[in-house]
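*Asks:* Can you keep this structure in mind? I'll have questions shortly.
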Amino acid sequence: MAIRVVTDSASDLPADLAAALDVTVIPCNVVIQDVNYKDGVDIHPDEFYQRLLAGPGLPTTSQPSVADFQTCYQGLLDQGHQILSIHVSGKLSGTMNSAERAKEALGNPDSIELVDSQLASLGLGLAVIAAAEEAAQSEDLPGLAGRVRAGLDNIRCFIALDTLEYLQKGGRIGKAQAFLGSMLSVKPILTLQDGEVHPVERPRNAQRALQRLGELAREGGPATRMGIIYSTDPQRAEQLKNQCADLAPEDRIVDARFGPVLGTYVGPGAVAVMLTQG
Amino acid sequence: MLTITAQQFNDALQAGGECLARHRDLANALNVFPVPDGDTGTNMLLTFRAGLERLASPAADNLGTVAADFADGLFWGARGNSGVILSQFFKGFCQALEPLEIAAVSDIAAAFGQGAKAAYQAVGQPVEGTMLSVASAVARSAQPSEPATEDVATLWESAFRSSGEALALTPTQLPVLAQAGVVDAGGLGLVAILGGMWAGLTGQDSEAIDREVVNAAGGDRSGLQTLPAVDAAFVDASHHEAWGYCTQFLVEGPGLAVEQMRQDLDSIGQSVVVVGDERRARVHLHALDPGPALSYAVSLGGLSQIEIENMNLQNQEWGNPSATAPAQPLTVVAVAPGDGFEALFREAGCAAVIRGGQTMNPSVQDFVDAAGRSRGEEVILLPNNKNVVVAAELAAQGDDGRTAISVVPTVSVPQGVAAVLAFNPAESLERNIRAMETAAKQLSSIEIAPAVRDSTVGGVHVSAGQFIGIIDGDLKLAANDAGAALMESLAAAGLSPDLIVTLYWGEGSSQAQAEELAEEIERNTPGIQVDVIYGGQPHSPYLASIE
């Protein structure tokens, strides 16, 4: 029985790449002024960021429903596939919870393995890509799930924000709380650790933040795969990519954009590098 | 006088403190930089008094007990470089006396030797032409190998005379003193203490001794400071009853009657201190309602630098810290010289802030207390002034065992800001110390201050009324107004489009003036980032960093 990989839209996996890898992406929900949109289906980044900046109010997000997962899983099982379902950190989102309920509703079959990536965005995306490549050549679901879990520790994420405002108002600031403050303009650099947002550094402007992102990425040595991702400023992503380009083979660098779900928390001006190292 | 007893030593120490108090202003005025922030005399006096306050009354029977108590009080009360060196001198001195019930000449001579040795050990790189040279002259004069006398009073007299001679020589040893035309302020403090103690031992006329002290200092210069300075009276006053609101502000005249203000304010609040002249007066008082004092003062002139602190809250917070904050694995404590900096440091992640700095050096005890208030299991101290670093380091050595204290030896407030921005509570102590030290070193610090007398320092001629520019601790230039001094200092330090300038304005400037200068900097160097922040620092219209 072939293995198919399922993830959610908080992976920020580019749609063409997901399609090429046979990965099913279940959309999370974004609510803007009382209207619910399915991430990447009903709303795309350009429109989302326009509306984010225009206001009034901030968007909110919600996980895919249990029914969304159940429908997806049932469809894949009916086609005779096994399922490896890898999702955004359970400490940041209820998505894992929906997946678990759906699996239970289907009678907890051995043919479905769930993985809490403890990651988000392209960090999760990198884990999904690696899993999908291997899934194409494997039928050993527990073995693959084990290797995916073991590989999560090798994925590192460094993200520079223009402001912590969105993360704070969205209730996902975690330990980066320590970096709040408005008297000095800083561009905080954050990472994900144990499934939560962690503070790293506070450079004084965007230019230095970019430079530090490059240096932090380099500290982990060469990468087997790397992702560069931004919310609204492609030039920052370009500049970051130029700094890090030698860290991974060109065909293993993923360019992506924070989708509406992640965009709700990182806000405009965000840029990040995510790497599989070691 | 073949020996001294506990009582005699106790009385001599009291007399030493009184003599130091009489020469405090003189020591404050012996400032190498001609700016109105000299505080060596104040630091030494507060340090010495912390020792005196520890002495039992009536005096202990045992000389060793008096010595041990005094040295301990001095250690915890040490503030400023001079205070720390003084406390170490007496620590060595008193250690030699600790095993004794009474002391003979040979014991005192040995104690002088140990005192000088301890004082040298207190500083990383001993510099001659300072209090250390005075201490070593005292030790040499009393060498036990040459027992010229068996009389304690004679030995002490020769120690005092030698200290005065060594003091007069300090400008020949340290070029900055010669340029500024002053003797070393800390050395003067030690001479005054030794003179006072001699008078205390022998019962002689203190006026004659005062004359000798002033002569050794090259004459009376204590009138040199013309601007009102926050002085020890504030510190003393603010340590007493703590209720209501601690209220401080600056009134600008013309035509202020300082003595009348003092009397009027006495009927409004407590712990009233008014310093200044008919143009400007700084006021401190405690009142249940800060309103009447402000209303009174605004009838006399313009008010600025208004600072009101709720002491009841402070007491709650300090008296019962567990009620306000949970224990943290790692916290940072910073010294902040103004309300703006205090807010900045707190917002940037300091769990406790000590008000002070250039003009009010915190004591070792202040650091230990603040470390406790910060509720950290491990605590990093940011002294933010080169004169405060040693007290912080002593607090780290002598910490009480409940908290592990470390120091990132920041020597300027902008360095402290960079260091606290590099602090990450999610990281280990070691990584934080490395990151904070690196961040502090990556910037240049600039200080602009008014000159209160003519002087030549490091080849720069300064006239009273000008503003001097100090770059990374060196006086580099003087200009006729504060803005020009800032612009010239920035130019001297070197500006380029990829840099960030942070401009902290304080006493003598305003947000509007600072923003105007920021625009000028941005015009001159397109692309550069200039951030303007209110620091509230006394005496200095601008502090700045370039990074």
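Coordinate-derived values only; no laboratory data. Note that the structure is predicted; figures quoted are calculated from it, not measured. Cβ atoms come from the backbone with ideal geometry, glycine included; neighbour counts cover every protein chain shown.
*Asks:* Grab chain A and count how many Lys pairs have their alpha-carbon atoms under 30 Å apart, sequence gap of 8 or more, or different chains.
*Replies:* Eligible lysine pairs with Cα atoms under 30 Å apart amount to 15.
*Asks:* Separate question: Compute the acute angle (0 to 90°) between the alpha-carbon long axis of helix B:6-22 and the principal axis of greatest extent of the alpha-carbon atoms of chain B; round to the nearest 10°.
*Replies:* The helix B:6-22 is inclined about 40 degrees to chain B.
*Asks:* Hey, another quick one. Tell me, B:547, B:430 in order of fewest to most beta-carbon neighbours within 10 Å?
*Replies:* In increasing order of surrounding Cβ atoms, one gets B:430, B:547.
*Asks:* May I ask which residue of A:9, A:82, A:31 lies farthest towards the positive end of the charge dipole of chain A, with charges of +1 (Lys, Arg) and -1 (Asp, Glu) on Cβ and the Cα centre as origin?
*Replies:* In chain A, that residue is A:31.
*Asks:* Note down the magnitude of the dipole of chain B about its Cα centre, charges +1 on Lys and Arg C-beta and -1 on Asp and Glu C-beta and zero elsewhere, to the nearest 20 debye.
*Replies:* 540 debye
*Asks:* On to the next question. Could you bin all the Cα-Cα distances of the protein assembly as shown into 20 Å bins starting at 0 and give me the percent of pairs in each, rounded to whole numbers?
*Replies:* Bins of 20 Å from zero give 14, 37, 28, 16, 5, 0 percent of pairs.
*Asks:* Over chain A, what is the relative contact order in percent, taking alpha-carbon pairs closer than 8 angstrom and at least six residues apart?
*Replies:* Value for chain A: 22 percent.
*Asks:* Moving on to the next point. Using the alpha-carbon atoms, what tilt in degrees (0 to 90, nearest 10) does helix A:66-78 show relative to the longest principal axis of chain A?
*Replies:* 50 degrees
*Asks:* Cut-off is 10 Å between beta-carbons; in what order do B:65, A:264, B:359, B:40 appear when sorted fewest neighbours first?
*Replies:* B:65, B:359, A:264, B:40
*Asks:* Something else about it: In whole Hz, what ³J(HN,Hα) sequence does the stretch B:48-53 give by Karplus (6.51, -1.76, 1.60; θ = phi - 60°), x for Gly and Pro?
*Replies:* 5, 5, 4, x, 4, 5
*Asks:* Lysine pairs in chain B with alpha-carbon atoms under 25 Å apart, 8 or more places apart or on different chains: how many are there?
*Replies:* 6
*Asks:* While we're on this one: Enter the per residue convex hull volume of the stretch A:111-204, computed from alpha-carbon coordinates, in Å³ rounded to the nearest integer.
*Replies:* Given the Cα convex hull of the stretch A:111-204, per-residue volume reads 97 Å³.
*Asks:* Quick one: what does P(r) look like for the stretch A:35-106 with 10 Å bins over all Cα pairs, in whole %?
*Replies:* Going out from 0 Å in 10 Å bins, the stretch A:35-106 shows 17, 39, 29, 13, 2 percent.
*Asks:* Taking +1 at the Cβ of each Lys and Arg and -1 at the Cβ of each Asp and Glu, which of B:70, B:35, B:47 sits farthest along the dipole of the stretch B:1-123 towards its positive end, judged by Cα position relative to the Cα centre?
*Replies:* Projecting each Cα onto the dipole axis, the largest value belongs to B:35.
*Asks:* To continue, here is another question. For chain A, set up a GNM with springs between Cα atoms under 10 Å and report which of A:183, A:226, A:96 has the largest fluctuation.
*Replies:* So, out of A:183, A:226, A:96, the one fluctuating most is A:183.
*Asks:* Report, in whole Å, the centroid distance computed from the Cα atoms of the stretch B:433-475 and the stretch B:188-214.
*Replies:* 35 Å
*Asks:* Send over the semi-axes of the stretch B:69-207's equivalent ellipsoid, whole angstrom and largest first, taken as the square roots of 5 times the C-alpha gyration tensor eigenvalues.
*Replies:* 23, 18, 14
*Asks:* I would also like to ask the following. Can you give the Rg to Rh ratio for the stretch B:435-475, taking only C-alpha atoms and Rh from Kirkwood?
*Replies:* That ratio equals 1.16.
*Asks:* How large are Rg and Dmax for the stretch B:5-88 when only the alpha carbon atoms are used, in Å?
*Replies:* 13.7, 47
*Asks:* Here's another thing I want to ask about it. Sorted from largest to smallest, which semi-axis lengths in Å does the alpha carbon gyration tensor of chain B give for its equivalent ellipsoid, taking the root of 5 times each eigenvalue?
*Replies:* In descending order, the three semi-axes are 39, 26, 25 Å.
*Asks:* With +1 on each Lys and Arg Cβ and -1 on each Asp and Glu Cβ, and nothing else charged, work out how big the dipole of the protein assembly as shown is about its Cα centre, in Debye to the nearest 20.
*Replies:* Result for the protein assembly as shown is approximately 660 debye, rounded to the nearest 20.
*Asks:* If you don't mind, there's one more thing I want to ask. Amide H of residue A:254 versus every other amide H placed in the peptide plane: which residues, excluding those fewer than 5 positions away on the same chain, fall under 5 Å?
*Replies:* The answer is A:226, A:227, A:228.
*Asks:* Separate question: What does the convex hull of the Cα atoms of the stretch A:151-261 come to per residue, in Å³, rounded to a whole number?
*Replies:* Dividing the Cα hull volume of the stretch A:151-261 by its residues yields 110 Å³.
*Asks:* Projected area of the stretch B:76-124, taken from the Cα convex hull and averaged over every viewing direction, in nm²?
*Replies:* That works out to 3.6 nm², a quarter of the Cα hull's surface.
*Asks:* Viscosity 1.306 mPa s, temperature 10 °C: Stokes-Einstein D of the stretch B:320-395 from its Kirkwood Cα radius, in µm² per second?
*Replies:* 130 µm²/s
*Asks:* Quick one: putting +1 on the C-beta of Lys and Arg, -1 on the C-beta of Asp and Glu, what dipole do you get for chain A around its Cα centre, in Debye to the nearest 20?
*Replies:* The dipole magnitude comes to about 1040 debye.
*Asks:* For residue A:26, enumerate residues with amide H under 5 Å from its amide H, sequence gap 5+ or separate chain, H modeled in the peptide plane.
*Replies:* Sorted by chain and number, the residues that satisfy this are A:7, A:8, A:9.
*Asks:* Still on this structure: Karplus couplings for the stretch A:142-156 from phi (6.51 cos²θ - 1.76 cosθ + 1.60, θ = phi - 60°), rounded to Hz, Gly and Pro as x?
*Replies:* Result, ordered by residue: x, x, 5, 4, x, 5, 4, 4, 5, x, 4, 5, 8, 9, 10 Hz.
*Asks:* With θ taken as phi - 60° and the coefficients 6.51, -1.76 and 1.60, list the Karplus ³J(HN,Hα) couplings across the stretch A:114-121 in order, rounded to whole Hz; mark glycine and proline as x.
*Replies:* My calculation for the stretch A:114-121 gives 10, 10, 8, 6, 6, 10, 8, 6 Hz in order.
*Asks:* Tell me which residues come under 5 Å, amide H to amide H, from residue B:336 once H is placed; ignore anything under 5 positions away on its chain.
*Replies:* Long-range HN contacts for residue B:336: B:354, B:355, B:356.
*Asks:* Find the relative contact order for the stretch B:49-171 and round it to a whole percent, using C-alpha pairs within less than 8 Å whose residues are 6+ positions apart.
*Replies:* In percent, rounded to a whole number, it is 21.
*Asks:* Could you estimate the translational diffusion coefficient of chain A from the Stokes-Einstein equation, with Rh from the Kirkwood formula over C-alpha pairs, at 4 °C and 1.567 mPa s, in whole µm²/s?
*Replies:* It diffuses with D of about 69 µm²/s by this estimate.
*Asks:* Follow-up. Which whole-number value in Å³ per residue fits the convex hull of the alpha carbons of the stretch B:1-159?
*Replies:* Dividing the Cα hull volume of the stretch B:1-159 by its residues yields 107 Å³.
*Asks:* Please report, in whole Å, how far the alpha carbons of the stretch A:56-179 spread along each principal axis, starting with the longest.
*Replies:* Extents along the principal axes: 47, 31, 20 Å.
*Asks:* Let me see the pair-distance distribution of the stretch B:437-511: every alpha carbon pair, 5 Å bin width, integer percents in order.
*Replies:* That works out to 3, 15, 25, 26, 15, 10, 5, 1, in percent per bin.
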